[in-house]
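Every read-out reported here was derived from the displayed coordinates using simple, explicitly stated rules and does not represent laboratory data. Just so it is clear, the model here is predicted, and its values are computed rather than measured. Methodologically, a virtual Cβ is constructed for each residue, glycine included, from the backbone with ideal geometry; neighbour enumeration extends over all protein chains shown.
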Amino acid sequence: MPALVNYGGNDDVRAGGLFFSKLTDPSLFLSVASNLNAYCPPRKRSRVAAPFFLDLEEMASAKDEPKPCSIDVLPDECLFEILRRLPGGQERSTAASVSKRWLTILSGIPAAEIPKKKKLPDLNGDVTKEEVKEDGSDGQLTRTLESKEATDIRLAAVTIGAGARGGLGKLLIQGSHPTRGVTDLGLSAVARACPSLRLLSLWDVPLITDAGLSEIASGCPMLEKLDLARCPLISDKGLTAVAQKCPNLMSLTLESCSGVGNEGLQAIGRGCPQLKSLAIKNCPLVGDQGVSSIVSSASASLAKIKLQGLNITDVSLAVVGYYGKAVTDLVLTGLQNIGERGFWVMANALGLLKVKCVTITSCRGVTDLGLASIAKCCPSLKQLCLRRCCCLSDVGLKAFVETAKALENLQLEECNRITLGGVLGGLLNCNRELKTLALVKCMGIKDVSSWTAPLPSCISLRSLTIRECPGFTSASLAVVAKICPQLENIDLSGLTGVTDQGLLPLIESSQGLVKVNLSDCVNLTDTSIATMVKAHGSSLKVLNLDGCKKVTDKSLLAVAENCSVIDELDLSRCMVSDYGVAVLASARQLNLHVLSLAGCSKVTQKSLPFLANLGQSLIGLNLQFCNLISTCGIGSLEEKLWWCDVLS
Amino acid sequence: METSTCSKKIVQLRSSDGQLFEVDEEAAMSSEILKNMIEMGMPSPLPLYEVDATTLAMIVESWNRRLQEKRGEITEAELERWEEEELLKSKEPDGDAICVLLAANYLEDEHLIDRAGEAIAHHIKDMTVEEVRDYFEIENDFEREEEEKVFQQNAWAFH
């Protein structure tokens, strides 16, 4: 007697039989020893005691038993064979919603394995809801997953849904679910189902590794843009895979990827002949070798280079200077190991002939000499932006501005050695085309007590920004007015030293101001605002008076009366009240798009009906920190102005 | 066993529950597993540990019919009709197709895998999610918020 009999204690078991606890589980079928000859399922009486041959009729009569197999017992490969034969996207989407296992298997079906059926014309003409953003040209879709919704399951669902509707073109994953985040499995699903993926952006997705990236490279050969930020497990291996399998790569951005080093960059340089844009930030393993090799390999195509916080030296800049024949935009930030010589060599290599826009931030190697070389050797330079370059002096600025023949836009931020005298001196012989000048937080800019030298004349200057330079006051503003008669855009935010007296000359001398930003100019009053609005009402489009505490309803009255084309009006923290709002709303000719009354303590519920009247053209309304307006008041306003974005 | 006059070889198969079946060797070659066993010269009866008698009976029958079709004794249409109606019971909700698929997967019979997969897919293609879950007694293991997201993702499918 076999020892297995009755071990479950069930009454159904006959003597000499095997006992199965669950008929539906085939893995419990035990291998039958040749001398054991009776099989007794718990539901059926034992029929046979000896081997017998097939009897079809008997088999047929046994068919009215309950179904012996359940789909759950099917191993994955069987479920795969079923699910891959589902005929349409809709059916696959339904199946994807059944359970996690089905979703996983469905997302694992490569696009090539789905048998193609002949498409019959759909006489019913289904109308599908367009709820996704469609990239115009060929029906490619864009999907973005952010933080908590970024899980493998969601990603699998996205790929199945997108696959049915023309395929995913752009995928952006920003953040990852804290416990069930995106892993290589999710990326594999994307790789299998989205062969026409063009853009992949992965930010803060810590669990993905080279394996996932390699799968993407194999599955998505059309990849054009790759953007990785804070993915510590990605290393040169993953990048090499991309380099080998994605020859169409045009843009590569790597930020804080601590595993990526020189070899990966080298591979990209060799494998991607179409590379146009390169941005590498805070990758500690990247050094001269990587940067040099990629810049030199991609010399013919590379147009935009951004290097930030890298351990590179003068050598890299020399290579950029020599091989940057196609470079139009160059951004260098926080490169501590580069000295004066680096910038000099970069310019004098005479390769940066097409560069139009250069931005240098926090590089202590930028000195007068380097800047002068850049001006001399980069004939196409139109825009220069220098931030926190403390070595730049008035002399260097003058030399630069005089030499840069194509310069149209100059921005200096926190360059504290520059003085107002230096700026004026530089402007004397500047290029006739200089359109934009910006001086931000330059502590050296102070009023000149007396200016004896001839004043420059900048008739070409259209935009002037002087922000948060505490030494700049009304007196200097009067000088500015004399120099720049054709200003259209002025930005004087944070200049607390400017008063009405200083602004008036500027108002008088300009022809037609378009954008005026006077935020935090706390000493300005209605007088100058009203004057300005009266003089420039026909051209003024943007007026920002955020934080001008002395501005009251009088200015609003002036705006209502005079401004015919005003588009954006920012009155945050001003002393305007309901009366002013009412007047503004009653101005029929106004086509205001954006209005801000944030922090206006005098604006109350009474303004709400007037704001509703304004609503025809309004698309943005800011009512934050208006403590006298209740939330239900804002709620009803939101309902009335349903097309408008109301902040509260 | 006696071979027939056309010198067809017969092989014996034993199902997991001990029943013996006879089948033409040529028919049995539909299965990769059996093909290997036969070529390796394994002694009869060949044991099939994962196929029970009920299912094996149906599968052997299908092999015989396929052989008949190959020899021109029945038409392709008749074979297909038999497969759909008898073997896979595709018109009635029944677990047969699943059993056949399972067995065909074990036996590595491409044709049957294709047919059975097709039949089951056809059967579920017009069902809604709930109907599929009920029919197969599958438990919904999505977290509630995940399910909502998957649903939204594919909401157009549910009109």
For the range A:203-345, the charge dipole (Cβ of Lys, Arg +1; Cβ of Asp, Glu -1; about the Cα centre) points to a positive end, and the Cα of A:GLY269, A:SER214, A:SER299 closest to that extreme belongs to A:SER299
Ranked on Cβ counts within 10 Å of their own Cβ, fewest leading, A:LEU187, A:LEU350 go A:LEU350, A:LEU187
For A:TYR322, B:TYR49, A:TYR579, ascending order of other Cβ atoms within 10 Å (fewest first) is B:TYR49, A:TYR579, A:TYR322
Non-local residues with an amide H under 5 Å from the amide H of A:ARG165, with H modelled 1.01 Å from N and Pro and chain starts lacking one, are none
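Rg/Rh for the range A:310-430: what does it come to with C-alpha atoms and Rh from Kirkwood? Intermediate values should be presented prior to the final figure.
Values: Rg = 13.0 Å, Rh = 13.9 Å.
Checking Rg against Rh, the ratio lands at 0.94.
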Taking every C-alpha to C-alpha distance in the range A:484-539 and binning by 10 Å from 0, the per-bin percentages run 25, 63, 13
Cβ-Cβ cut-off under 13 Å around A:SER256, Lys and Arg +1, Asp and Glu -1: the net charge is -1
For A:ALA598, the residues 5 or more places away or on another chain with a placed amide H closer than 5 Å to its own amide H are A:LEU571, A:SER572, A:ARG573, A:GLN624
For peptide A:76-82, the mean count of other chain Cβ atoms within 10 Å per residue Cβ is 6
Rounded to whole angstrom, the alpha-carbon centroid of the range A:144-215 lies from that of the range A:244-274 at a distance of 20 Å
When A:ARG432, B:ARG14 are ranked with the fewest other C-beta atoms within 10 Å first, the list becomes A:ARG432, B:ARG14
With +1 at each Lys and Arg Cβ and -1 at each Asp and Glu Cβ, the charge dipole magnitude of the range A:470-570 around its Cα centre, to the nearest 20 debye, comes out at 240 debye
Plugging the Cβ-Cβ distance of A:LYS549 and A:ALA475 into 1/(1 + (r/R0)^6) at R0 = 35 Å yields, to the nearest 0.05, a FRET efficiency of 0.95
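Give, as a single signed number, the net charge of other residues whose beta carbon lies under 12 Å from the beta carbon of A:CYS357, with Lys and Arg counted +1 and Asp and Glu -1. Could you put the intermediate results ahead of the total?
Numbers: positive: A:LYS304, A:LYS306, A:LYS354, A:LYS356, A:LYS382; negative: A:ASP329, A:GLU408.
Once all neighbours under 12 Å are counted, the net charge is +3.
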Summing +1 per Lys or Arg and -1 per Asp or Glu among the other residues with Cβ less than 13 Å from A:THR209's Cβ gives -3
Rounded to the angstrom and largest first, Cα extents along the principal axes for the range A:532-648 equal 40, 28, 18
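Applying 1/(1 + (r/R0)^6) with R0 = 51 Å to the Cβ-Cβ distance of B:GLU25 and A:SER301, what FRET efficiency is obtained, to the nearest 0.05?
0.20
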In order over the range A:277-285: 3J(HN,Hα) from phi, Karplus 6.51/-1.76/1.60, θ = phi - 60°, whole Hz, x for each Gly or Pro, gives 10, 10, 9, 10, 9, 6, 10, x, 8
